[in-house]
Amino acid sequence: GVSTIDSLLHFVLNLGQLFTEGYTLFSIGNLTPLFKQVWPQCWSTYQVCDENWIAAQTYLQILGIIIGQIGVGFEGDWIGRKAGLVQDALIMFLGLVMLTAMWGTSLNGWVICYGWSLFIYGFGVGGEYPMTSSTAMEYKAKGGSAAINQRDDKLHRGRNVVLAFLMQGWGQMFNQVVLIVLLLIFHGGGNPPYGKVSAQWTFRVQFGIMALMTLWLAYYRFYRMHYSSAALKKSKKHARVNQSGYDVQSLKLVFNHFGGRIIATAGTWFANDFAFYGNKLFQSTFIKVLYPNSKGVMTGWLWNLVNIA
């Protein structure tokens, strides 16, 4: 019925939170070969651009992600999931608008604008991780009997979290397909040399597409999305004692009973992300080593599409 469709839509939207992040974040590695072809004096020989600012595009977004993870993680627990999720979507939208419209009076100025735009977008992305995983784990199905729903919620919490992060891969694939199609449209083919105008249309339109989707996501989160944390928020409002979970006693109890699991979980996420982000952000460099004689960006993009699949 209607309630089942609404629950399915809510769950799909919850999974889509990291779809937008995967699309934009990992487009940086895809765009680097194109920028090197069109503006070699900036991206390859560093004649007119500061090499440190070229490198900063990668680590500024990582720095933004780390700050967002910590800041929005605490905010989501204290203020609420809705505030954190809506804020994340709006910050990501702002970052995408900046990425779509970024410019400078010189190529180096444009590179600096690019780096700080990625930092702002990265802050929103960082907040998505704690908010998305928490929302996926807390999600409660609607329709059917309460006993069956409660059992399904408990059995599938881990699956919901994994599916949410799986959407990163679909976002990467969609981005690579969009880039290939846009280059074929604006350049008229995939072979070099690439014009500055066609390159700008390609990367700006691919950022703009996701900006519109992210703005719609912010609308949905604010006006349509149902949050399972509402009961906890109501309980905190009427409680006489601290229920934030961040008091010393609560943290001590958590680590006494689940310290080993917390360390194991955090450690495996660290090991996974260390390889995952390293490979994805520098994938164009790896593919260039494997195929050093390839000309243009299409060979690398097509092999990257195979890699993502």
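The values are calculated or read from the model by the stated rules, or taken from the named source; none is laboratory data. Bear in mind the structure is a predicted one, so any value in this text is a computation, not a measurement. Note that we place each Cβ from the backbone using ideal geometry, even for glycine, and neighbour counts take in every protein chain shown. Accessible surface is based on the protein model in full, side chains and every heavy atom, while ligands, DNA and RNA are left aside. Shrake-Rupley method; radii C 1.70, N 1.55, O 1.52, S 1.80 Å.
Data for the structure
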| quantity | calculated |
| --- | --- |
| Heavy-atom accessible area order for 35, 276, largest first, 1.4 Å probe | 276, 35 |
| Gain upon complete extension [residue 276, residue 294; 0.36 nm per residue less C-alpha separation] | 4.0 nm |
| In Hz, Karplus ³J(HN,Hα) per residue of the stretch 178-188 (6.51, -1.76, 1.60; θ = phi - 60°; x = Gly, Pro) | 4, 4, 4, 5, 5, 5, 5, 6, 7, 8, x |
| The stretch 54-103 - percent of accessible surface contributed by carbon and sulfur, probe 1.4 Å | 79 percent |
| For the stretch 61-138, accessible area per residue (1.4 Å probe, heavy atoms of protein chains only), Å² | 36 Å² |
| FRET E, pair residue 249, residue 70, Förster distance 35 Å, beta-carbon r, rounded to 0.05 | 0.95 |
| Percent accessible area from carbon and sulfur atoms, the stretch 177-222, protein chains only, probe 1.4 Å | 76 percent |
